[in-house]
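The values are calculated or read from the model by the stated rules, or taken from the named source; none is laboratory data. Just so it is clear, the structure is predicted and the values come from calculations on it, not from any experiment. Counting neighbours? That spans all protein chains shown, and the Cβs are built from the backbone with ideal geometry, glycine included.
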Amino acid sequence: MPIKSPAVSINRRSIEDTLVKGVLFACAVFAVIVVFSIIFFLLKEGYGIFQQAGLLDFLSGTEWKPETGIYGTLPLIAGTLLVTLGAMVIAVPLSIGSAIFISELAPPRVNAVIKPAIELLAGIPSVVFGFFGLIVLTDWLRVTFDVPTGESMLAGAVLLAVMAIPNITSIAEDAISSIPREYKEGSFAMGATKWQTINRVILPSALSGITAAIILGMGKVIGETMAVIMVTGNTAIIPDPLFDVFSTVKTLTGAIAIEMGETAMGSQWQQALFGLGLILMAITLIINLTANFILGRLRGRQTSRGRGSGKKQGILSMISMPSENINKIKKYIHWLLILILSGLLFYLTESILITIAVIFSAACFYLISRSISPKNTQRAAFMLIGLSTIIVLFMLGVILYYIISNGIGAINWEFLTGYPKDLGRAGGIFPAIIGTFYLIGGAIIMALPLGVCAAIYLTEYTKEGKLTSVIRSAVELLNGTPSIVFGLFGFAFLVLFLDLGISLIVGQIVLALMVLPTIIRTTEEALKTVPVSIREGSLALGATKWQTIRKAVLPPSVPGIVTGAILSIGRVSGETAPIMFTAVVFSQRFIPDSLMDPVMALPYHLFILATNVPNSQLNQAGTALVLLMIVIGFYLIAILIRNRYKKNMKW
C-alpha cells in the first residue's frame, strides 16, 4: 500500500482550504448582489414614472389619485413620517424606561420574567397587531374621543409604538448592561445616588447603543405594512392641521400593498407603485447612513474621552461637572417640549386659559424639580421607570388576553384539520397551516446555509477593511429593507422576469432573502463567543483553518446558530406583505403538490378575513390565535435555548 507523503497531504488540505474560502466568500457577497438586484429591478419597473411624471412632481405633488393619472406622493410621505413620529414619541420613553428597569432595577427573578415577556411582543405578527387594532383599538378611540372613526393617524402611531417597543428595549438594555461595573462602583464610591449613577454615568456611556436602538426602531416603524393598512383609514391626504391625530392617512407601504392588485401589468400606476418602493429604499438607506454616522461620532467621542482621562477622573466629571453646553441643551429641550405639547393641547381643547394654566404648571414643576433633594428625585425617577414597564406589560397582557379569550372558542379538531367554507366564515384552516409551514421550511432551508457561510467568512477569514465594510453595509441595508419591498422585488424579478408566477417557490425565496441578515448577524455573534485561544490551540496542533472552524469553532456555536434560525422561523411565520402578491391565495381546497402552485398562509388568511369578510369574527380570532401560538412557540424555544446556553457556557 503506497504511503502518502506529508507534502501531498498538506497540498490537498491547502486546496480544500482555498475552495472552502471561495465558497464562503461567494455566500458573503450574495448579500451585496441581492441589494443591488433589488435596486436594479425597482428601477427597471419604476423608472418610467419618473420619465412621464417628472421626479420633482412625483415627490412634491399633493394629490395621489392613480386611477385618474395623478401621482403626487407627498401625502403618502407625510402620512408615513407623521405616523412614524407619533410612534417614536410614544415608544422611546417607554422603551428606555423599561430597559433601565430590566438592566438596573429589577431583581434577578423579576428580570427573568419581564425580559422574555417584553421580547414576546416582538414575536407577535404584524397582522395580529393589525387585527387587534382594527377590532379593539380603533373602536376604543372612536368611543373615548367621540370621533366618527377610530381609524386614524393616532391609531397607527399607538399600534406601531407597541410593535417598536420590544426591539428598542432589547437593544437599549444590551447597551446599558454592557457598561463596565467599575463605572458604577466608582460612581457609588464618590457618593452618587443610584439614579445619579444611571442618569450621569450609565446612560451617557450607553448613548451610542441607545441611539442605535432608536434608529433601528424607527426603521422598523417606517417599513411596517399590514398593521398600518388595517388601522389608519388609508386616505391619501395631508392632515389639516398637520398634527390632526384623528385624521385618516395613507402610508407608502399601505399604498403599495393595497393598490398593487388593482393595477394592470406594465401600466403607469404599477410603475408609480414601484417608484414608491424606491422611495422606501432611499429612506432606509438614509436611516442606515445616519445611524452609522451618529454611532461613529459617539464612539469617537467616548474613545477620546476615555484616552484623555483616567476612569476615576472621567466618572467624576460625569457626576459632578456636567458641561455648560449640555445643561443649556437640556434646558432648551425642556422648554421646546413644553411649547410643542402646549400647542397640541391648544389644538385639542381650543382653550387659551387651559393652555396657559398647563404652561404655568409645567414651568413651576420644572423650577421646583431643580430644588428637590437627590433622594426625592430618585424616588420620582424610579416611579416613572417602573410605570413605563407596567404600561408595556399591560399592553402585552391586553393583546394576549383578547386574542386568547376570543379565539379559544373557535379551536376544535374540525377547525384545525378542515378546509375553509363560505369564504372562511365556516370550516377550517388546515390548508393555511400547511402552507405556512411549507413557506417556513423552504425559506429556512435556503437561508440557513447561506447565512452561516457568510457569517463564517466575515468572522473567521476577513479583517476589517473596505470589502468587509461593503458586505456589512449590504447586510445592514438588507436587514432594514421593508418587507413590502422584498415583495416588490419578488414580484418584479421572480414572478414577472423569470415567469415563475405566483407560487410557493417564489414565496420561499422572498422570505429566505428577508431572514438572511438575521441569520448572518446571530451566527456572527455566536462565533465571536468562542475564545481566540481555542482557535490558536487548534492551529498550533497542525489543523488547517477550515478544520479549526469545523471541529473547534462551530460545535460550541451551534446553540447560538440554532437560536438565530428559530428567530428567523418566528419572523417568516407571521409575514404577510412579502407574500401577498408573490405566493398566496385566500382560499383553496387542496394542499399544493408542486413548488409552482400558490398556497394559503395563516397571516394572509387572517388579513382577508378581518378586512373583507363580514360576520367572520369567530374564525378571525381563531386564526389569529393559531398563528400567535405558532410564532410565540418558536420564540419561546429560542429564549429557552439562549438561557440554557448562557448557563452552560463556561470558557
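Look through 79, 48, 22 and report the one residue that is modelled with pLDDT of 90 or more and outside any loop (DSSP other than H, G, I, E, B).
79
I'm told residue 189 meets every condition in (1) of a type in the set (A, V, I, L, M); (2) over 22 Å from residue 235 (Cα atoms); (3) in contact (Cβ under 8 Å) with a residue 12 or more places away in the chain except one. Can you identify the failing condition by its number?
The one condition residue 189 does not meet is (3).
Does residue 477 satisfy being under 30 Å from residue 597 (Cα atoms), under 23 Å from the mean Cα position of the chain (by Cα) and assigned to a helix (DSSP H, G or I)?
Criteria not met by residue 477.
Between residues in region 366-382 that are not assigned by TED's automatic domain parsing to the domain that holds residue 104 and residues that are surrounded by 10 or more Cβ atoms within 10 Å (Cβ to Cβ) and modelled with pLDDT under 75, which pairs lie under 7 Å by C-beta distance while being six or more apart or on different chains?
366/334
Looking at this structure, is residue 78 farther than 30 Å from residue 394 by Cα and either over 28 Å from the mean Cα position of the chain (by Cα) or in the same structural domain as residue 449 (by TED's automatic domain parsing) (or both)?
When the stated conditions are applied, residue 78 does not pass them.
Out of the residues in region 448-482 that are surrounded by fewer than 24 Cβ atoms within 10 Å (Cβ to Cβ) and among the polar types (S, T, N, Q), state the one that is farthest from residue 533 (Cα to Cα).
Per the criteria, the residue is 479.
Scan region 235-271 residue by residue and report those that are closer than 19 Å to residue 493 by Cβ and either of a type in the set (A, V, I, L, M) or touching a strand residue (DSSP E or B) at 6+ places or on another chain (Cβ under 7 Å) (or both).
Those that are closer than 19 Å to residue 493 by Cβ and either of a type in the set (A, V, I, L, M) or touching a strand residue (DSSP E or B) at 6+ places or on another chain (Cβ under 7 Å) (or both): 256, 257, 260, 265.
Specify the residue that is surrounded by the most Cβ atoms within 10 Å (Cβ to Cβ); the eligible residues are those in region 216-236 that are out of contact with any Ser or Thr (no Cβ under 7 Å at 6 or more places or on another chain) and hydrophobic (A, V, I, L, M, F, W, C).
229
Between residues in region 264-284 that are outside any helix (DSSP H, G or I) and residues that are surrounded by fewer than 22 Cβ atoms within 10 Å (Cβ to Cβ) and not aromatic (Phe, Trp, Tyr), which pairs lie under 8 Å by C-beta distance while being six or more apart or on different chains?
Partner pairs satisfying both residue conditions: 265/496.
Give the number of residues within region 531-587 that are farther than 28 Å from residue 502 by Cα and in contact with a strand residue (DSSP E or B) (Cβ under 7 Å, 6 or more places away or on another chain).
The number of residues fulfilling the criteria is 0.
Going by what's in this entry, would residue 540 be described as out of contact with any Lys or Arg (no Cβ under 8 Å at 6 or more places or on another chain) and of a type outside the set (S, T, N, Q)?
Spelling it out, residue 540 is indeed out of contact with any Lys or Arg (no Cβ under 8 Å at 6 or more places or on another chain) and of a type outside the set (S, T, N, Q).
Given (1) over 30 Å from residue 250 (Cβ atoms); (2) surrounded by fewer than 16 Cβ atoms within 10 Å (Cβ to Cβ), where does residue 51 come up short, assuming only one miss?
For residue 51, the exception is condition (1).
Can you tell me which condition residue 521 does not meet? The list is (1) farther than 15 Å from residue 453 by Cβ; (2) touching a residue at least 24 places away in the same chain (Cβ under 8 Å); (3) surrounded by fewer than 21 Cβ atoms within 10 Å (Cβ to Cβ), and all the others hold.
Every listed condition holds for residue 521 apart from (1).
Identify the residue in region 483-529 that is assigned to a helix (DSSP H, G or I) and of a type in the set (Gly, Ala, Ser) and, among all such residues, is modelled with the lowest pLDDT.
Among those that are assigned to a helix (DSSP H, G or I) and of a type in the set (Gly, Ala, Ser), it is 526.
Would you call residue 404 part of a helix (DSSP H, G or I) and more than 29 Å from residue 595 (Cα to Cα)?
Working: part of a helix (DSSP H, G or I): yes; more than 29 Å from residue 595 (Cα to Cα): yes.
Spelling it out, residue 404 is indeed part of a helix (DSSP H, G or I) and more than 29 Å from residue 595 (Cα to Cα).
Residue-by-condition table, conditions (1) part of a loop (DSSP other than H, G, I, E, B); (2) among the β-branched types (Val, Ile, Thr); (3) touching a Leu at 6+ places or on another chain (Cβ under 8 Å):
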position: 170; (1), (2), (3): no, no, no
position: 174; (1), (2), (3): no, no, no
position: 183; (1), (2), (3): no, no, no
position: 201; (1), (2), (3): no, yes, no
position: 215; (1), (2), (3): no, yes, no
position: 219; (1), (2), (3): no, no, no
position: 238; (1), (2), (3): yes, yes, yes
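Give the residues of region 116-158 that are under 23 Å from residue 102 (Cβ atoms) and out of contact with any Ser or Thr (no Cβ under 8 Å at 6 or more places or on another chain), sorted by residue number.
Result: 116, 117, 120, 121, 123, 124, 129, 158.
Can you find a residue that is part of a helix (DSSP H, G or I), in the same structural domain as residue 157 (by TED's automatic domain parsing) and under 27 Å from the mean Cα position of the chain (by Cα) anywhere in region 185-192?
no
Return the pairs, sorted by first residue and then second, in which the second residue is among the small types (Gly, Ala, Ser) and not in a helix (DSSP H, G or I), the first residue lies in region 194-212 and is within 13 Å of residue 178 (Cβ to Cβ), the beta carbons are less than 8 Å apart, and the residues are 6+ apart or on different chains.
So the pair list comes out as 206/178; 209/178.
Filtering region 111-139 down to residues that are more than 25 Å from residue 605 (Cα to Cα) and either of a type in the set (Gly, Ala, Ser) or more than 23 Å from the chain's Cα centre (by Cα) (or both), which residue is modelled with the highest pLDDT?
Among those residues, the one meeting the criterion is 117.
Within region 264-286, which residues are surrounded by 13 or more Cβ atoms within 10 Å (Cβ to Cβ) and closer than 16 Å to residue 35 by Cα?
274, 277, 278, 279, 280, 281, 283, 284, 285
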